[in-house]
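The values are calculated or read from the model by the stated rules, or taken from the named source; none is laboratory data. As the structure is a prediction and not an experimental result, all values here were calculated from the model. Methodologically, a virtual Cβ is constructed for each residue, glycine included, from the backbone with ideal geometry; neighbour enumeration extends over all protein chains shown.
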RNA sequence: GGGCGAGUGGCGAAAUUGGUAGACGCACCAGAUUUAGGAUCUGGCGCAGUGAUGUGUAUGGGUUCGAGUCCCUUCUCGCCCACCA
């Protein structure tokens, strides 16, 4: 028996246990049905779910349930991105053990996810901080290493003093650490890198294949990869025989306008290029640049600084002798680290030349040229010897060719993408499985010795170095080649590596022989629908694409893009700004579950905005959804003894019943197409409400109810709403003695012919303005419609005394009379 | 500075993709029920006007029988990147 009122608290827990016990959401690897892989970005186990999680996972879960009902074998897994700083910070601040802290959080959040009613196959759970997972992260690293995609080099790196670790370029936001928000400085360290730059071109090219991704994400990735076509020009140093400075330029056409050269403070030949007289000031400048944090550099944006080195180059085009300067507006790891300066046609060079009183030579002329600012528009070459008079686009080619023919240049494609720095001087990550032997050098750990386990005898309170270095048992080991004494690599891997392959692991999560079998990974992937936050548009998605392509080249899998369709959901806001603890505008999912139930939370979070847009949480909105579910529930509670799951609808029905039947068919059609088309759940919810309103109207006169028709409407509504109100629909379905779970039942089908209206409202327009609305039957001929429109009393005054030019007819909809 | 996206009632938003603008909901107003409140049910609700009607999708223009939707102008907001030569 159903209660007379809706009490989600009495319903929901019961079905969580039932689904667990019956393995309702277990996904078989073998099935007659086509596969569908619905994936949410897995959470970091920070302690508790927040509303962003609720939104993300509800969206994916509704998709998974819909696909299951429409005949797919759906993989909908969940896991934990569980390495990273917060666990270690908890260890430092509260003396907790990072592992325990993390596993406790996972425990709690897993319960919350179950309470949220996710249809996840928990047998495939993947936890990146567990040995059975990071063993394979390490194994994959070794494969990358063996394929030349992992290497170590000394490099100036972004250093976060607070986290005492290195950060990838992608993790420096506005000169600050992406995690702790403190200022980032530069430091020279020997670091591990992955050679993502080898894949720059293919990562860019294949963006075109991703038709299921939003253009915004693709543009962000393309900008990040930053391909540009240009020319390398090599300049002889006047004072030093045999020394050249190569530069990268996208404007070889302006070569005749070069008046000086700039090298980055970290430029490799800078000491050779500095004369004795200038040594002191150059060293001071370089020292300053080193100390200056990223944020200082940004805040000093466009204020140019620099000092001359004392040496000069010879411009091979003009023979002009130009001074070489050091300035921090040149970036050491882009291009060659040196820039040719053409102040007349580059804003940065212009500012610099003005400040230090360097010459400015115009070499391009065109409309709008002014001598008091840099002219960067296309134009015609002047003051450029044999190239004068040439269009500048043409000159780019010709000048590059000239340089090539004369041995001092060539064309070059340049990317902004840098290699991926993966070393972290932290404890809570997957150890990089490398050992250093005095005799044999750096050697990867043998497969049979994996995983390299994290030590437990560490002191987390050490400052300025990795806690791993305090472990006695970890560091000392033997060489896998010679068996002699060796030392382990103490760096752990960036957690983005763990998250670059987790979606592959789900395909074969309990495999203890390999990260996954080729057969299963090829069966389940690529992911059909990936859902997550826009904040991962660059980092995670680019890294994952890189991993997929690299693993494909190694023969571990056969597809080249991991995610076919990507849905980036908007943020959850409260009072117009992002929910955050510091603002104190958070809403705790636990409280919503306790007060209104998970079904209400699910319904509300998908109801008000389309998934891609930001969503403003409001307490009134939650209550509105709760009331709606109460309203739905009451229908089933009231008629529970009259509803039949197997109804038969007779032919001779009154208009009222036919109207309701039509509404039901329309609802099926609309809801189905709205889910299939971009997951427009907000309008799906509107349709739930409209259908519910129609049913309420149908039962208003209690003496005039056809219970077969009512059953049809209610049973259909129940299935339509079941992907969202997962608990309530199950409760009602099983109370009505349905077989199995409602979540195993097929999606309702509609009959197109039954969605059609017999009656229409004809709109009569004169010159496009509405003058009358006429109720009539559908399917009338154009002549009849015109006649109807002409006879309209309301329309006549607007036609009388005027000439009818023509009449435009939209069948069953509009007659537009055009008069003069 | 560059790139992308968006501007529709008091609010969140719909609009079969060029064909009745504001579906559905929140808030609000009125009525029914109730001792009262809550809940529930019924009706109303862009703006101006008693009314017929006029007017209305940031702005100004254009194309069209017809524009929220297409094209151009200007403005505003959001996000991402940003000294990348």
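Scanning for something part of a loop (DSSP other than H, G, I, E, B), touching a residue at least 60 places away in the same chain (Cβ under 8 Å) and surrounded by fewer than 17 Cβ atoms within 10 Å (Cβ to Cβ), does the range A:363-374 turn up at least one residue? No; the residues of the range A:363-374 include none that is part of a loop (DSSP other than H, G, I, E, B), touching a residue at least 60 places away in the same chain (Cβ under 8 Å) and surrounded by fewer than 17 Cβ atoms within 10 Å (Cβ to Cβ).
Among the residues of the range A:260-272 satisfying the criterion of being buried (at least 23 other Cβ atoms within 10 Å of the Cβ) and farther than 21 Å from residue A:186 by Cβ, which is farthest from the chain's Cα centre (by Cα)? Once the filter is applied, the top-ranked residue is A:260. A search for C-beta distances below 6 Å between a residue of the range A:63-89 that is on the phi > 0 side of the Ramachandran plot and surrounded by 22 or more Cβ atoms within 10 Å (Cβ to Cβ) and any residue that is modelled with pLDDT under 95 and not in a strand (DSSP E or B), counting only pairs 6+ apart in sequence or on different chains, returns A:84/A:495. Report whether or not residue A:734 is surrounded by 12 or more Cβ atoms within 10 Å (Cβ to Cβ), free of Cβ contacts under 8 Å to residues at least 24 places away in the same chain, away from RNA strand B (no atom under 16 Å from the Cβ) and under 30 Å from residue A:688 (Cα atoms). So residue A:734 passes the test.
Listed by first and then second residue, the pairs with beta-carbon distance under 7 Å, at least 6 apart or on different chains, first residue in the range A:330-343 and more than 12 Å from residue A:247 (Cβ to Cβ), second near RNA strand B (Cβ under 7 Å from one of its atoms) and not in a strand (DSSP E or B), are A:331/A:264; A:332/A:264.
Within this structure, residue A:351 passes the test of being at pLDDT 90 or above, within 11 Å of RNA strand B (Cβ to nearest atom) and in a helix (DSSP H, G or I).
Tell me whether the range A:463-478 contains one or more residues that are crowded, with 22+ Cβ neighbours inside 10 Å, under 36 Å from the mean Cα position of the chain (by Cα) and at pLDDT below 95.
Looking for residues that are crowded, with 22+ Cβ neighbours inside 10 Å, under 36 Å from the mean Cα position of the chain (by Cα) and at pLDDT below 95, one finds at least one in the range A:463-478, hence yes.
Examine the range A:548-555 for a residue that is in contact with a strand residue (DSSP E or B) (Cβ under 6 Å, 6 or more places away or on another chain) and modelled with pLDDT of 90 or more, and state whether such a residue exists. No, there is no match, as no residue in the range A:548-555 is in contact with a strand residue (DSSP E or B) (Cβ under 6 Å, 6 or more places away or on another chain) and modelled with pLDDT of 90 or more. Being more than 16 Å from RNA strand B (Cβ to nearest atom), touching a helix residue (DSSP H, G or I) at 6+ places or on another chain (Cβ under 7 Å), at pLDDT below 90 and not in a strand (DSSP E or B) is a property that does not hold for residue A:180. Going through the range A:394-437 one residue at a time, which ones are away from RNA strand B (no atom under 13 Å from the Cβ) and surrounded by fewer than 18 Cβ atoms within 10 Å (Cβ to Cβ)? Those that are away from RNA strand B (no atom under 13 Å from the Cβ) and surrounded by fewer than 18 Cβ atoms within 10 Å (Cβ to Cβ): A:394, A:397, A:398, A:401, A:404, A:405, A:406, A:407, A:408, A:410, A:436.
In the condition set (1) away from RNA strand B (no atom under 16 Å from the Cβ); (2) over 27 Å from residue A:726 (Cβ atoms), residue A:662 is compliant with all but (1). The single condition among (1) under 27 Å from residue A:396 (Cβ atoms); (2) within 16 Å of the chain's Cα centre (by Cα); (3) in contact (Cβ under 8 Å) with a residue 60 or more places away in the chain; (4) surrounded by fewer than 16 Cβ atoms within 10 Å (Cβ to Cβ) that residue A:216 does not satisfy is (1).
Yes or no, residue by residue, for (1) at pLDDT 95 or above; (2) within 15 Å of residue A:754 (Cβ to Cβ); (3) surrounded by fewer than 20 Cβ atoms within 10 Å (Cβ to Cβ):
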{"position": "A:645", "(1), (2), (3)": "no, no, yes"}
{"position": "A:651", "(1), (2), (3)": "no, yes, yes"}
{"position": "A:654", "(1), (2), (3)": "no, no, yes"}
{"position": "A:662", "(1), (2), (3)": "no, yes, yes"}
{"position": "A:668", "(1), (2), (3)": "yes, yes, no"}
{"position": "A:678", "(1), (2), (3)": "no, no, yes"}
{"position": "A:699", "(1), (2), (3)": "no, no, yes"}
{"position": "A:702", "(1), (2), (3)": "no, no, yes"}
{"position": "A:706", "(1), (2), (3)": "no, no, yes"}
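Of everything in the range A:606-620 that's more than 6 Å from RNA strand B (Cβ to nearest atom) and in contact with a helix residue (DSSP H, G or I) (Cβ under 6 Å, 6 or more places away or on another chain), which residue is farthest from residue A:530 (Cα to Cα)? Filtering first and then ranking leaves A:607. Counting only residues that are crowded, with 18+ Cβ neighbours inside 10 Å, in contact with a strand residue (DSSP E or B) (Cβ under 9 Å, 6 or more places away or on another chain) and in a loop (DSSP other than H, G, I, E, B), how many does the range A:318-337 have? Result for the range A:318-337: 7.
Residue A:648 meets all of the listed conditions (1) in contact with a helix residue (DSSP H, G or I) (Cβ under 9 Å, 6 or more places away or on another chain); (2) near RNA strand B (Cβ under 8 Å from one of its atoms); (3) farther than 23 Å from residue A:7 by Cβ but one, namely (2).
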